[in-house]
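The values are calculated or read from the model by the stated rules, or taken from the named source; none is laboratory data. Keep in mind the model is a prediction, meaning the values are calculated, not measured. As a convention, Cβ positions derive from the backbone with ideal geometry for all residues, glycine included, and neighbour counts pool all protein chains shown. SASA here: full protein model, heavy atoms, side chains in, ligands and nucleic acids out. Shrake-Rupley method; radii C 1.70, N 1.55, O 1.52, S 1.80 Å.
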Amino acid sequence: MSSTFSGLSTALNALMAQRAGLTVTGQNIANANTAGYSRQRAELAALGTPSQVGFNASALIDRVGSGVTVDSLRRLADVFVDARQRDAHANASYTQAQATAFSQIENILGEPSDTGLSKDLAAFWSSWQDLANAPDSIPARQAVMSNATSVAGTLRRGRDALDAAYTDTRSHLDTLATEVNTTAQGVAALNDKIRIAGASGDPANELIDQRDQMVLRLSELVGARSTANDDGTVSLSVSGVTIVSSTKAYALQVADGTSIDSLSSAPLKLTWTNGAAATLTSGELGGLVDSLRSTYPDAAAGYDQVASTLGSTVNAIHATGQDLDGDSSAPGAFFTGTTASTLAVAFTDPRKVRAAVANPSGTPSLDSSIADQIGQLATSTTGADARWSAFVAATGVASASAQNQVTVHAAISQNADGARQSVSGVSLDEEMSNMLMYQRAYEGAGRMMTAIDQMLDTLINRTGQVGR
């Protein structure tokens, strides 16, 4: 049968269990502002009566349990909520990288503004009209050449700025790839620690929090997905390719694609050290890679198309005319170069500007029909102005669309963060309530121990003394 001394054990178990609850509550409060911390809870379980084999245990009093114990320290988290948060962050990071690239390109285009290419083209065409009104004017010819140089310079500076933006983004890609590799190694190292802790029966909640923060960062970078293993470790994959398997991590390697002009001969390549190609469809690196492979090259092609159209249309008409000295010999080009980086005025002598229709006799002429035809290119639906306007408009539409996606996915990401906070975050109000609950239970267990002590004192020191 149970003895009075068993009550002391019950009270002691209660004291230790409530103290553990207070300790866990204190840990939660201490980490209320710690990023990635998941609140914990001491799971209490009632202790049953000890097995009583071999003697009469039928009395109900002998079947009362032995108190309470801490069954486990539970980490409050939901794997589905965490997975949703990682996916949301991966998509938000991708769209932000894309929007940043388009924003850079819009700033480089500089339209509409008083310093954009549109204004330079307008001044260029206007100078041809001025020359048509005064074909023998050297200052008018110099103005044509000066405005042409300004147009070529604006195109070249824009193309150079695109090259610089591409190079900066390419360098940033290398930096983030290093972060991916370091973080993946960190996940593998924590996997090992968590596996060892689990095997020895030690809690690893804080280690799991650290690992989950790293997994979230990998999701933001490359869209990594997590799969839990039976031994407490996790495996990570990107587009179906495993990058972390238990305690083994595979590194991301980035090669080639060092400039826009080299993409055709040495395209950007991403691979994992396990030999698999790195296909990134989300995450910040996914957005950067798509920008490097298409967004910046497409913008560079837009600049080159404008330059090529400007050069070819002006040269085609200019070649049919004669200069101020009557020279109409081939090739008669006004521009050299076919790209934004190479476009330039073909000569330095203003007398070489051809404003008149070629005279077979080679006699100088003050005819200005060629200058007028070139000036009319300003309104051509297939000319440089039309191509530039279409390029700027397309870039603006794409940038606005990318910014809208940023807004949408930022809201989704925020909602996912809120969902995780509601499951795993620390509520100070709730923790204060728990603290009072454990405190009162601890006080009750202490009072119980005092009462049993008094009972034992009566039993030991006072029993049998009646009448003495």
Say we look at segment 314-343 and pick out the residues that are free of Cβ contacts under 8 Å to residues at least 40 places away in the same chain and not in a loop (DSSP other than H, G, I, E, B); which of these is nearest to Tyr303 (Cα to Cα)?
Thr336
In segment 279-309, what residues are under 16 Å from the mean Cα position of the chain (by Cα), of a type in the set (A, V, I, L, M, F, W, C) and open to solvent by 10 Å² or more (accessible area, probe 1.4 Å)?
Leu280, Leu288
Of Val238, Val234, which residue is in contact with a Ser or Thr (Cβ under 9 Å, 6 or more places away or on another chain), more than 28 Å from Asp71 (Cα to Cα), in contact (Cβ under 8 Å) with a residue 24 or more places away in the chain and buried (at least 17 other Cβ atoms within 10 Å of the Cβ)?
Val238
When you go through Asp114, Asp78, Asp87, Asp136 one by one, which is the residue that is open to solvent by 40 Å² or more (accessible area, probe 1.4 Å), out of contact with any Lys or Arg (no Cβ under 9 Å at 6 or more places or on another chain) and over 18 Å from Asp385 (Cα atoms)?
Asp136
Number of positions in segment 14-31 that are open to solvent by 30 Å² or more (accessible area, probe 1.4 Å) and of a type outside the set (Val, Ile, Thr):
7
Out of everything in segment 162-208 that is polar (S, T, N, Q) and open to solvent by less than 50 Å² (accessible area, probe 1.4 Å), what residue ends up being nearest to Ser262 (Cα to Cα)?
Thr169
Looking only at segment 240-256, decide whether some residue is in contact with a helix residue (DSSP H, G or I) (Cβ under 6 Å, 6 or more places away or on another chain), aliphatic (A, V, I, L, M), closer than 30 Å to Ser341 by Cα and in a loop (DSSP other than H, G, I, E, B).
no
Any idea which residue in segment 381-400 is farthest from Ala319 (Cα to Cα), counting only those that are hydroxyl-bearing (Ser, Thr, Tyr) and open to solvent by 40 Å² or more (accessible area, probe 1.4 Å)?
Ser389
Could you check segment 61-104 and list, in sequence order, the residues that are of a type in the set (A, V, I, L, M, F, W, C) and assigned to a helix (DSSP H, G or I)?
Ile61, Val79, Phe80, Val81, Ala83, Ala88, Ala90, Ala92, Ala97, Ala99, Ala101, Phe102
For Gly375, are the conditions met, namely being at positive phi and more than 46 Å from the chain's Cα centre (by Cα)?
no
